[in-house]
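Visitor: Below are the structure tokens for one structure; questions will follow.
The values are calculated or read from the model by the stated rules, or taken from the named source; none is laboratory data. Source: prediction; values computed, not measured. Cβ placement follows ideal geometry from the backbone for every residue including glycine, while neighbour counts extend to all protein chains displayed. Just so you know, the surface numbers come from the protein's heavy atoms only, side chains and all, with ligands and any DNA or RNA stripped out. Shrake-Rupley method; radii C 1.70, N 1.55, O 1.52, S 1.80 Å.
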Amino acid sequence: MNGFRPVKIGMTVAIFGLLVSLVSLALPGFEQSAVYAAEPAADAAPSFLYEPAPKLTAADYPTVAGVNSRVVVWVFAQLHLWFAAFVLAVPIFVFIIEVIGMRTRDKRYDDMAYEFIKVSITAYSLTAILGGGLVFSLILFYPHLFTYLSTIFSESMFYYALLFFAESAVLYIYYYGWHWLQGGFKKWVHLTLGLVLNAVGTTLMLLANAWLTFMMSPAGVDAAGVFSGDEWAAVHNFLWNPINLHRFVANIAYGGSIVGAYAAFKFLTAGTRQERAHYDWMGYNANFIAICALLPLPFAGYYLAAEIYAYSQQMGITLMGGIFAWLFIIQAVLIGTLFLSANYYLWCGMGRSDGAKRYTKYIKYIAIVLVGAFLVWFTPHTLVLTNEELKALGGPHHKILGPLGIMPAKNTAVNVMIIFTALSFMFYRRSNKVAVVSWEKAGNAIQVALFSAGLLNIIFLGVYHGYFTNTVYKVAASIPQVLTTLVIIVASITLDSFIYRGAQEVGPLRWGRIPERAQYALFLLAVAFTWLMGLMGYIRSGIRQHWHVVDIMRDASSEAFTPTLGYAANVVSVAAIIFMALVIFIFWIAQVSSAKTLPAGYWKE
Amino acid sequence: MRQFLTVVAFTLLTIGFFAAYSNYGIPQIEPAPPPKDEKLDLGSMTMDQFVALGERVFSGKGTCTLCHNALGRAPALENITEVASKRLEDPRYEGAAETVEAYLIESLVEPSVFVVTGFGKKGTNDKESPMPDVSGGGIGLSEAEIAAITAYLQDKSGGEITVEIPSGIENKADEETEEGEPREAINDPEALMVKFTCNACHMIDGKGGDAGPNLSRIGAMRDRTYLRRALLDPNADVAKGFEPDTMPPDLGEQMYAAELETLLNFLAGLK
């Protein structure tokens, strides 16, 4: 019975979503904006004439007394995005875990995958409800923008509604059919459903991404915003793929962090040793997923920023060197939090193995390097100084430390953080193993040489481009640095797998032997991810400044101004608290769904 | 229950820390309001005022200083008059301009006609400029504003100002002044000093910071031309004993023209 409630809610909202889409198609002004050409050529296909983007005044924005329209849309959009990221990511790694379980025939993987999807099922209903709230608030407060976007994306919005139905149907069959579709051919059918679920979910994300990236880098319209009629051109705009890639990777990292928090919560409230062991194992896997996706995320982010710069130099400079520059110092705090908490969890987890003592002596050095890299990332380019300080420095920038504030140093810092996180992970993997191959020492020496040469190369590139090149070439270090990092990680992990082929285990891993404070590292990971996503969502949207659609449709509302970082942080914080409250509610619901009460004497015997 | 409450408290503390750091750990920069087109009274404008208008548009609405600055993201414009003459004779130049004035206007609206070596879009072999057409899209400068920037560039680079103040041009600004709800102009100079945080660095009558010159008697020491330049281009003349690049270079962008005049009157009166 427990599962029927989310189904009903989900279906109700799905129907509402479709109705909203259909109603929006019939909105006043929608059809009028696309009218037949006065005298179409007799032998030509009917062609449409579209109206330019509307030029609005403040009076064109409906207001509700006491309600800040921008904040309402902002909070709904952010909450919807957080839940959507979670429910799109979970099926991806549930599918992978299910495959692992199928191949290894280890039922623990199958049970864990089921538990993950169980957590996401309530989140799915909330995603739909919040999506409905977002559409409703957009139509209410920004009707002309919604009408304009609906005109251009009418087809994709219609398919979005259909795909939403498909997603709901497949998800519910996938979830409720989990125990039914077990073994042999049935398992293959279930796995196929998982694949279809991911394909539909990813397509939904791609469509929604097209709408928001159109607002940043409009395509398929002329300078006045007149739609050419080619919706694919509007969908396939300049920033569509960079956002697609970044969101895909970030969603997985985010989904991993949220289920990690779930496992941590269950660990802390577990009543038995077996439960603690189970949720410790689940937390480890969730953290592993989050780290695997976290490592390439800065590269995806860099690619996105580079493409924003390539699309519009002005937008790129506003992003990295203009009014939003200080935001990246806040980002540094959050990224530092993510890396430190993920590493801390790994270090604590080494306590599960009796063989970990061989590696614990290195942890303090990794911690020092991570904190050092964090401080470099944390260093701002421009400081607010007194005159005495200015004189002492000889200018607004310190001659030696000043370049730590610019991109070559930041890139160096993040690459070093990624490499040392990979090293933590390698130590964790090794902690319970003893190599048996004869060339172990030589293999280790090659790995040390690989790490040393790679780090030297990264630091050299950072120093050279940071101190000895002019502004135009400052970012040139980034790609060779990224390639170096990838080579180090891929080559060393590959080599490690050969060194530890057929390795002996020191002893059984003692799942559940991990301090409670490690679980708070998992919570910290989830909260920092949530807050960071909110902050970066603000900057992605904020670089449009006073434009609904950049250079095409101006925001003339009273809320067109770009808010300060403090204001944005407050909105993000309030939204994050609402989100975390809902997430805790989901955890509780998942717990309740497996609880049973046997009321003595209540039912007739 | 204890664990549940601990988790809730931990979550709230973490979010609270991030929010507090964002509010108090970094400077709160208030971004400029959406640009508002000035109503240009070209008929009564002197050439000095026209050049000053060009300077304001250059560092404000035109967003030119985003790239044309000391960091070298775009070609320097200090000697543009002299450089432009050479570019007109450059075999790579494919435009239609024959004079420096025409070249400057052309490069503002068709930046790809001549791309300075090393400043083209990546992968275009310096055939395409990353600079947008300033008359369209998000910048949308009027003909008068483009002419004013041209006059300013000629003046700044020590060349002869050949641009004439346009007349009879339909002022786009007139149509758009009703758009949006920009912030109210401030007509109290002390409120302006607070709004633009001048007091953080400048001291007046014993109040304020010391990172910039003391302004208590600035009206007796400097004329209005100097003060205007100091507000619009702070690095043009840096007072002895103080460092360049300290004062925000975009005050002209952030202030309305009337506010600038109010502040100038106030400073000029400090004697």
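Visitor: Determine the calculated [θ] at 222 nm for chain A from helices alone, applying -39500 (n - 2.57) to every DSSP H run no shorter than 4 residues and normalising by the residue count; nearest 500 deg cm²/dmol.
Guide: -24500 deg cm²/dmol
Visitor: Something else about it: Once ligands and nucleic acids are excluded and a 1.4 Å probe is used, how much of A:His144 is accessible, expressed in Å² to the nearest 10?
Guide: Roughly 70 Å² of A:His144 is accessible to a 1.4 Å probe.
Visitor: Next up: If you take the Cα atoms of chain B, find Rg, then find the Kirkwood Rh from the mean of 1/r over all pairs, what is Rg/Rh?
Guide: For chain B, the value is 1.06.
Visitor: In Å, what Kirkwood hydrodynamic radius results for the range A:247-300 from the alpha-carbon pair distances? It would help to have the intermediate numbers written out before the result.
Guide: Numbers: mean 1/r = 0.0883 Å⁻¹.
After inverting the pairwise mean of 1/r, the radius is 11.3 Å.
Visitor: Of the options B:Ile218, A:His144, A:Val67, report the single residue whose Cα projects farthest towards the positive end of the charge dipole of the protein assembly as shown (beta-carbon charges: Lys, Arg +1; Asp, Glu -1).
Guide: A:Val67
Visitor: Within a Cβ distance under 13 Å of A:Arg273, other residues only, what is the Lys/Arg minus Asp/Glu net charge?
Guide: Local net charge: +1.
Visitor: Shifting gears a bit: Pairs B:Lys61/B:Lys195; A:Lys266/A:Lys357; B:Lys156/B:Lys240; B:Lys122/B:Lys195; B:Lys61/B:Lys127; A:Lys55/B:Lys156: which exceed 30 Å Cα-Cα? Write out the running numbers ahead of the final one.
Guide: Numbers: B:Lys61/B:Lys195 20 Å; A:Lys266/A:Lys357 28 Å; B:Lys156/B:Lys240 22 Å; B:Lys122/B:Lys195 40 Å; B:Lys61/B:Lys127 27 Å; A:Lys55/B:Lys156 36 Å.
Violating the 30 Å limit, Cα to Cα: B:Lys122/B:Lys195; A:Lys55/B:Lys156.
Visitor: Rounded to a whole number, what % of the accessible area of chain A do carbon and sulfur atoms account for, probe 1.4 Å?
Guide: Ligands and nucleic acids excluded, carbon and sulfur reach 69 percent.
Visitor: Nothing charged except the Cβ atoms of Lys and Arg (+1) and of Asp and Glu (-1): what's the magnitude of the dipole of chain B about its Cα centre? Round to the nearest 20 debye. Intermediate values should be presented prior to the final figure.
Guide: Working: 24 positive and 44 negative charges, 297 e Å.
So the magnitude is around 1420 debye.
Visitor: How large is the accessible surface of A:Tyr309 in square angstrom, using a 1.4 angstrom probe and rounding to the nearest 10?
Guide: Approximately 90 Å² for this residue.
Visitor: Moving on to the next point. For the range B:27-155, what is the relative contact order in percent, using Cα pairs closer than 8 Å and at least 6 residues apart in sequence? The partial results should precede the final answer.
Guide: Working: 130 pairs, mean separation 38.3, N = 129.
Relative contact order comes out at 30 percent.
Visitor: Please give the average number of partner chain Cβ atoms lying within 10 Å of the Cβ of each residue in A:567-577, rounded to a whole number.
Guide: Details: counts 4, 1, 8, 3, 1, 4, 9, 2, 1, 6, 6.
Taking all residues of A:567-577 together, the mean is 4.
Visitor: Return the value, in Å² to the nearest 100, of accessible area buried between chains A and B (probe 1.4 Å, both sides summed).
Guide: On the way: alone 28750 and 16840 Å², together 40800 Å².
That pair hides around 4800 Å² of surface in total.
Visitor: A follow-up question, please. Could you sort A:Leu138, B:Leu104 by their accessible area in this structure, using a 1.4 Å probe and putting the largest first?
Guide: The residues order as A:Leu138, B:Leu104, largest area first.
Visitor: Rounded to the nearest 20 debye, what is the charge dipole size of chain A about its Cα centre when +1 sits on each Lys and Arg Cβ and -1 on each Asp and Glu Cβ? Intermediate results must be reported in sequence, preceding the final value.
Guide: Working: 37 positive and 29 negative charges, 569 e Å.
That gives chain A a dipole magnitude of about 2740 debye.
Visitor: Would you mind working out the magnitude of the charge dipole of the range A:507-605 relative to its Cα centre, with +1 at each Lys and Arg C-beta and -1 at each Asp and Glu C-beta, to the nearest 20 Debye? Spell out each step's value before the answer.
Guide: Numbers: 8 positive and 5 negative charges, 88 e Å.
I would put it at about 420 debye.
Visitor: Keeping all protein chains in place, calculate the accessible area per residue for chain B (probe 1.4 angstrom), answer in Å².
Guide: 53
Visitor: Take A:Arg247, B:Arg2, A:Arg429 and sort them by solvent-accessible surface of the protein heavy atoms, 1.4 Å probe, largest at the top.
Guide: Result, largest first: B:Arg2, A:Arg429, A:Arg247.
Visitor: Across peptide A:520-532, how many C-beta atoms of other chains are within 10 Å of each residue C-beta, on average? All intermediate terms of the calculation are to be shown ahead of the outcome.
Guide: On the way: counts 5, 0, 0, 5, 3, 0, 2, 8, 3, 0, 4, 6, 1.
Mean partner-chain Cβ count within 10 Å for A:520-532: 3.
Visitor: Something else about it: Taking Rh as the Kirkwood radius computed over C-alpha pairs, what is the Stokes-Einstein D of the protein assembly as shown at 37 °C in a medium of viscosity 0.692 mPa s, expressed in µm² per second?
Guide: 108
Visitor: Could you grab the relative contact order for chain A? Cα pairs under 8 Å, six or more apart, rounded to a whole percent.
Guide: Relative CO of chain A lands at 18 percent.
Visitor: Can you pull the percent of chain B's accessible area that's carbon plus sulfur, 1.4 Å probe, other chains left in place? Each step should come with its number before you reach the end.
Guide: Numbers: 7560 of 14370 Å².
Accessible surface attributable to carbon and sulfur in chain B totals 53 percent.
Visitor: Rounded to the nearest 500, what is the 222 nm mean residue ellipticity of chain B from helices alone, with -39500 (n - 2.57) per DSSP H run of 4+ residues and division by all residues?
Guide: Per the formula, -11500 deg cm²/dmol.
Visitor: Related question: Determine how large the accessible area of A:Arg510 is when every protein chain is in place; take a 1.4 Å probe and give Å² rounded to the nearest 10.
Guide: 100
Visitor: Using a 1.4 angstrom probe with every protein chain in place, what is the largest-first accessible-area order of A:Ile539, A:Ile400?
Guide: Ranked from most to least accessible, the order is A:Ile400, A:Ile539.
Visitor: Express the accessible area of the range A:224-380 per residue in Å², computed with a 1.4 Å probe while the remaining protein chains stay in the model.
Guide: 34
Visitor: Can you list the residues of the range B:1-24 whose accessible area drops by at least 40 Å² going from the chain on its own to the full set of protein chains, with a 1.4 Å probe?
Guide: Going by heavy-atom accessible area, the residues of the range B:1-24 that drop by at least 40 Å² are B:Gln3, B:Phe4, B:Val7, B:Phe10, B:Thr11, B:Ile15, B:Phe18, B:Tyr21, B:Ser22, B:Asn23.
Visitor: Counting only other residues whose beta carbon sits under 13 Å from that of A:Val94, what net charge do I get with K and R as +1, D and E as -1?
Guide: In short, -3.
Visitor: What list of ³J(HN,Hα) couplings, whole Hz, do you get for the range A:289-296 from phi and the Karplus terms 6.51, -1.76, 1.60, once you set θ to phi - 60° and write x for glycine and proline?
Guide: So the J values, rounded to whole Hz, are 4, 4, 5, 4, 7, 5, 4, x.
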